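Below is one structure, written out as structure tokens, with a few remarks after it.
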């Protein structure tokens, strides 16, 4: 008797959980619904719950009449460049600190750790001045370079490299293998899992980064997707289907990446959060 | 320092090749600006960095600047509306999601998805969903509230959007924390009739989870001091400057009034506030964690 009551309670909680989760995601459904609807349908009261008829005109309009294709390119280009460069330089740096016993490596590591205390947002004024002096405002360099500072990746790589058995490097050193070769032929393939998780998280971070691109880029063709889509709104006033279409397009890459690599994203986010 | 492993010979050349790229980036784009923001705060520099030393005049001005105190209060108000509520919502969601079996991944995907979206996608969606005339939220509530431009509703609305956007992160950490609690604890407690329900939560889950809870609180507090994007995109500081936050004040001084020196002073104030709170909070939370 008691048991039966408990499982009923359990079923109710399960149902409630799923309903709450569906309600949580409802704004995104609504954005999609609006993006696929005719403008006049979206301001009807009571609202039209499904796109009827379902049309793609808003997407076509946004792609044809805004710079969204260019913003897409800018975002893909800068995010990929940032991910590749960050992984490359942090992996090398972490390898040296972890595996080569050079004097000053502890101090260097502590200096990198101290970087966690500096909030990214409070540095933008001198950073802007610096890049302005180097003529990098409204350029890919200006967009990318400051986003390469990612001490968290150094810390994560170092932790993983520290756990590698010392015999591995000893044997390779005997063979006369150089440090770079050792890193890329042994350490890199053996730590592919971390690199994957880091790559996905770094990609999501840089794709979603709003504040820095917003500061350093003011010319429309140089904007990234997250900054660019805020322009669509100011151009078209209350034409919500078009605004929603641009939002859906902007959300697509990270959303797809997440749905495919759900586990890796979760892993990467948890690992980087624990370190910060 | 650990006991010495066998000393290996190394070449400075390979060390420099490996270490230099990241170190140079780090020095140029983190260390240098951090030092420069301090020196700038004592100058009347414009946004190109030209100006002369004016002592502590910027700091004196800051203390007498009503916009600064206003923005500070708005930021604190935003923190009050988000940090603890977001943690509570995250914990409740985590407790709900973790007891699911087949539906767990599906449910988790739904509540985590917003977190991986760009902030501007989130704000665009909510500007529409919470539109005063045709927004679905007003329709469902039977109201006509102009959520983001109403003096009373603007900041709570921004806070709500922020929680919607970021709670997935908290859920993720809480679920990891809940999984790490050894099941034997609950088994032992159930012998005494306290393996489930509120008592199990009170005496096992909550204390065991405290390190994660404190991490979640600290991470959010540090992030929310730097609130800018959502406020800028949803209310743009309005109505009547009632939602201008510290970072937006800095942004306005630097990039709209071209006062790089004074904007740096605001940055330093924000930096110090973040350092003090994270230091204080870490200390407080560590203390409780030892119980």
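Sorted from greatest to least, the principal axis extents spanned by the alpha carbons of chain B come out as 74, 73, 35 Å.
The C-alpha radius of gyration of segment A:1-98, expressed as a fraction of 2.2 N^0.38 Å, stands at 1.91.
What is the fewest-to-most order of A:272, A:122, B:143 by other Cβ atoms lying within 10 Å of their Cβ? Before the final figure, lay out the partial values.
Details: A:272 19, A:122 27, B:143 12.
Lowest count first: B:143, A:272, A:122.
So between residue A:16 and residue A:107, what do we pick up on full extension, going 0.36 nm a residue minus the alpha carbon distance?
Answer, rounded to one decimal: 27.5 nm.
The percentage of C-alpha pairs in the protein assembly as shown whose separation is greater than 37 Å is 38%.
Once the Cα atoms are used to define both axes, helix A:240-260 deviates from the longest principal axis of chain A by about 40 degrees. Label positions at residue B:73 and residue B:187, each projected 7 Å from the Cα along the C-beta direction, are separated by 5.7 nm. The Rg/Rh ratio for segment A:60-275 is 1.04, where Rg is the radius of gyration of the alpha carbons and Rh is the Kirkwood radius. Ordering A:195, A:169 from the fewest to the most neighbouring beta carbons within 10 Å gives A:195, A:169. One Cα centroid belongs to segment B:132-165, the other to segment A:66-94; the line between them spans 35 Å. Ranked for footprinting exposure by Cβ neighbours inside 10 Å, fewest first, A:264, B:102 give B:102, A:264. Nearest 10 degrees, 0 to 90: what angle lies between the long axis of helix A:151-162 and the longest principal axis of chain A (Cα atoms)? Tilt relative to chain A: about 50 degrees. Taking the alpha carbon gyration tensor of segment B:13-57, multiplying each eigenvalue by 5 and rooting it gives semi-axes of 33, 9, 7 Å, largest first.
Stretched out straight at 0.36 nm per residue, the stretch from residue A:61 to residue A:260 would grow longer than its current Cα-Cα span by 68.8 nm.
Work out the FRET efficiency for residue B:13 and residue B:48 from their Cβ-Cβ distance, taking R0 = 45 Å, and round it to the nearest 0.05.
0.70
What is the angle, in °, between the Cα long axis of helix A:262-275 and the longest principal axis of the Cα atoms in chain A? Nearest 10 is fine, range 0 to 90. Once rounded, the angle reads 60 degrees. Distance from the alpha carbon centroid of segment A:21-64 to that of segment B:56-76 works out to 43 angstrom.
When the Gaussian network model of chain A links Cα atoms closer than 10 Å, the mean-square fluctuations of A:204, A:89, A:256 top out at A:256. Here the calculated FRET efficiency for residue A:181 and residue B:102, from their Cβ-Cβ distance with R0 = 56 Å, stands at 0.70, rounded to the nearest 0.05. Relative to the current alpha-carbon distance between residue B:202 and residue B:258, full extension at 0.36 nm per residue lengthens the span by 14.8 nm.
Each label was represented as a point 7 Å from its Cα along the Cα-to-Cβ direction; for residue A:170 and residue B:57 these points are 6.7 nm apart.
A helix-only calculation puts chain B at -21000 deg cm²/dmol for mean residue ellipticity at 222 nm, using -39500 (n - 2.57) for each DSSP H run of at least four residues, averaged over all residues.
No value in this document is a laboratory result; all are computed from the given coordinates. What you see is a predicted model; the values in this text were computed from it and never measured. A quick note on method: Cβ atoms are made from the backbone with ideal geometry, for glycine too, and the neighbour counts reach across all protein chains shown.
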